[in-house]
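A quick write-up on the structure given underneath.
The values are calculated or read from the model by the stated rules, or taken from the named source; none is laboratory data. All of these numbers come straight from a predicted model, not from anything done at the bench. Virtual Cβ from ideal backbone geometry, glycine too; neighbours counted across all protein chains shown.
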C-alpha cells in the first residue's frame, strides 16, 4: 500500500470514529511525524480528505476536520432516503432470506443489551452490526453504482450519528427498526422492505437533527467554520 493511501485510510477512519473531532487541526508536520511518513504523501492524503468533504482548507489555520451542521444532515438525507429505500426494495427481491433473518435475530439481541453497563462498548458493537447490514444489502443489490453512492454518503452520516450522541433509548428503538427492515427484506416483499426502511430513516433524521440543533458545541463549531474563509 502506498504511503499516501495508508495515511488517507488512517485519517479517514479516525475522523469517522470521532478520534479526530470537527475543527481539529491536521498539521502537516505533526501528522507526518505521527504517521511515520514524509509530508508529500500526507499532502496527497489531506487533498483526498478535502475532496471527500471530511476536511476543510482554512485561511490562517491550514487543514482542519470539517464540521457537520443540521442543514448538512438535511441535505444528506435528501439523498439518503431514495437510495436506501430503493436498496431495501432491491435487497428483498435479490437477497438471501437466511442472511437477513440471521441479522434480524442479532438486532433483537442488540436491543436487549444496548442499555448494559458498558454503554460505550455496546454502542460500538451496535454500530458495527449496522455496518454488516449495509454490507449485506450492498451485496444483495449487486449494483456498484448504487453501492458507491451510498458508501460516499454514509461516511458523512457516520460522523453525524456519532456527533449526535445517541441516547440508549434511541439506540434501542433504532435496533428494533433495523430488525423490522431485516425481517421485511427476508420476507421477499419489496414494498414492505421499502416502507420499513423509510420509517427508520425518517425517525433517524428527526433525532439527529434535534440533537445537532441542541448541541452548544456543534453550534460553536458550525459558527467557526462559517467565519473561516476557505
* Structure fact -> When the stretch 17-32 is checked residue by residue, the ones that are in contact with a helix residue (DSSP H, G or I) (Cβ under 9 Å, 6 or more places away or on another chain), surrounded by fewer than 18 Cβ atoms within 10 Å (Cβ to Cβ) and part of a helix (DSSP H, G or I) are 17, 28, 29
* **Only one of 121, 80, 117, 39 that is touching a helix residue (DSSP H, G or I) at 6+ places or on another chain (Cβ under 7 Å) and either at pLDDT 95 or above or closer than 25 Å to residue 176 by Cβ (or both)** => 80
* Which ones in the stretch 33-49 are over 27 Å from residue 130 (Cβ atoms) and either assigned to a helix (DSSP H, G or I) or in contact (Cβ under 8 Å) with a residue 40 or more places away in the chain (or both)? -> 33, 34, 35, 39, 40, 41, 42, 43, 44, 46, 47
* **Of all residues making up the stretch 59-74, the number that are part of a strand (DSSP E or B) and at pLDDT below 90** => 0
* Structure fact -> Selection over the stretch 1-16 where residues are more than 21 Å from residue 159 (Cα to Cα) and surrounded by 15 or more Cβ atoms within 10 Å (Cβ to Cβ) yields a count of 2
* closer than 24 Å to residue 214 by Cα and out of contact with any helix residue (DSSP H, G or I) (no Cβ under 6 Å at 6 or more places or on another chain): does that describe residue 74? -> yes
